[in-house]
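The values are calculated or read from the model by the stated rules, or taken from the named source; none is laboratory data. Just so you know, these numbers come straight off a predicted model, no measurement behind them. Glycine gets a Cβ as well: all are built from the backbone with ideal geometry, and neighbour counts include every protein chain shown.
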């Protein structure tokens, strides 16, 4: 694939290196030419000095026939503007913008601009470590109505069929991870202690799911 990376900071550099190693054709844009010093000598892509929202620079980068663009500078406004130009002007099919402000990230996500909310992601990862038994949201649709959550199987469901979870809640089991094994769906799978269950749940049903899991956690 032909991929444009806007921003050559730590994230942009790591992304550009990884994409190049995967065999993609990579072009990196950054307003600071010194930023390109972060790239190793054996890196096989191209570099262009300039702003990601500058159409002349995007043309030089080959945005007209690019397959993807990642806007990962340190500025939210620049990233959003770049992403919108990439989508609306160049019709690049796969575009993502890095956003620091969680509130703005949610708004742009609902407007159809894929975003990675750095602060939100970090908070979720820290919370996961602090409270491993709590609900962890792995993914939400753009409207925020449907989420994919991870839960550790409560004691009360160990030794029983996973299908009972769907019968007693409004959630749908997507996958179960047990040690080094993963199971898609559930079928007649019998729950075991330590199972990580991934469920799709509506926003309106999330509280009921939490209550049900809390009750089963203390059951023997």
Of 35, 70, 97, the only residue that is in a strand (DSSP E or B), free of Cβ contacts under 8 Å to residues at least 40 places away in the same chain and within 18 Å of residue 8 (Cβ to Cβ) is 97
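Can you confirm whether residue 177 is surrounded by 16 or more Cβ atoms within 10 Å (Cβ to Cβ), on the phi < 0 side of the Ramachandran plot and part of a strand (DSSP E or B)? Outline the logic, then answer.
Details: surrounded by 16 or more Cβ atoms within 10 Å (Cβ to Cβ): no; on the phi < 0 side of the Ramachandran plot: yes; part of a strand (DSSP E or B): yes.
Spelling it out, it is not the case that residue 177 is surrounded by 16 or more Cβ atoms within 10 Å (Cβ to Cβ), on the phi < 0 side of the Ramachandran plot and part of a strand (DSSP E or B).
So how many residues does the range 180-209 have that are assigned to a loop (DSSP other than H, G, I, E, B) and either loosely packed, with under 15 Cβ neighbours inside 10 Å or without any contact (Cβ under 8 Å) to a residue 12 or more places away in the chain (or both)?
Taking the range 180-209 as the starting set, the residues that turn out to be assigned to a loop (DSSP other than H, G, I, E, B) are 180, 185-189, 191-195.
Next, only the ones that are either loosely packed, with under 15 Cβ neighbours inside 10 Å or without any contact (Cβ under 8 Å) to a residue 12 or more places away in the chain (or both) stay: 180, 185, 187-188, 192-194.
Number satisfying all stated conditions: 7.
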Take residue 50 and tell me if it is in the same structural domain as residue 116 (by TED's automatic domain parsing), over 17 Å from residue 91 (Cα atoms) and touching a strand residue (DSSP E or B) at 6+ places or on another chain (Cβ under 7 Å). yes
Scan the range 120-132 and give yes if some residue there is assigned to a loop (DSSP other than H, G, I, E, B) and at pLDDT below 80, otherwise no. yes
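Within the range 100-119, how many residues are touching a strand residue (DSSP E or B) at 6+ places or on another chain (Cβ under 7 Å) and either part of a helix (DSSP H, G or I) or modelled with pLDDT of 80 or more (or both)?
First, pick out the residues of the range 100-119 that are touching a strand residue (DSSP E or B) at 6+ places or on another chain (Cβ under 7 Å): 102, 105, 108-109, 113-118.
Right, trim to either part of a helix (DSSP H, G or I) or modelled with pLDDT of 80 or more (or both) and you get 102, 105, 108-109, 118.
Residues meeting the conditions: 5.
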Residue satisfying all of: in the range 43-67; surrounded by fewer than 18 Cβ atoms within 10 Å (Cβ to Cβ), touching a residue at least 60 places away in the same chain (Cβ under 8 Å) and not in a helix (DSSP H, G or I); farthest from the chain's Cα centre (by Cα) among these: 62
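Here is a yes/no grid of residues against (1) in a loop (DSSP other than H, G, I, E, B); (2) over 23 Å from the mean Cα position of the chain (by Cα); (3) modelled with pLDDT of 95 or more:
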{"site": "4", "(1), (2), (3)": "no, no, yes"}
{"site": "11", "(1), (2), (3)": "no, no, no"}
{"site": "14", "(1), (2), (3)": "no, no, no"}
{"site": "19", "(1), (2), (3)": "no, no, no"}
{"site": "23", "(1), (2), (3)": "yes, no, no"}
{"site": "26", "(1), (2), (3)": "no, no, yes"}
{"site": "29", "(1), (2), (3)": "no, no, yes"}
{"site": "41", "(1), (2), (3)": "yes, yes, no"}
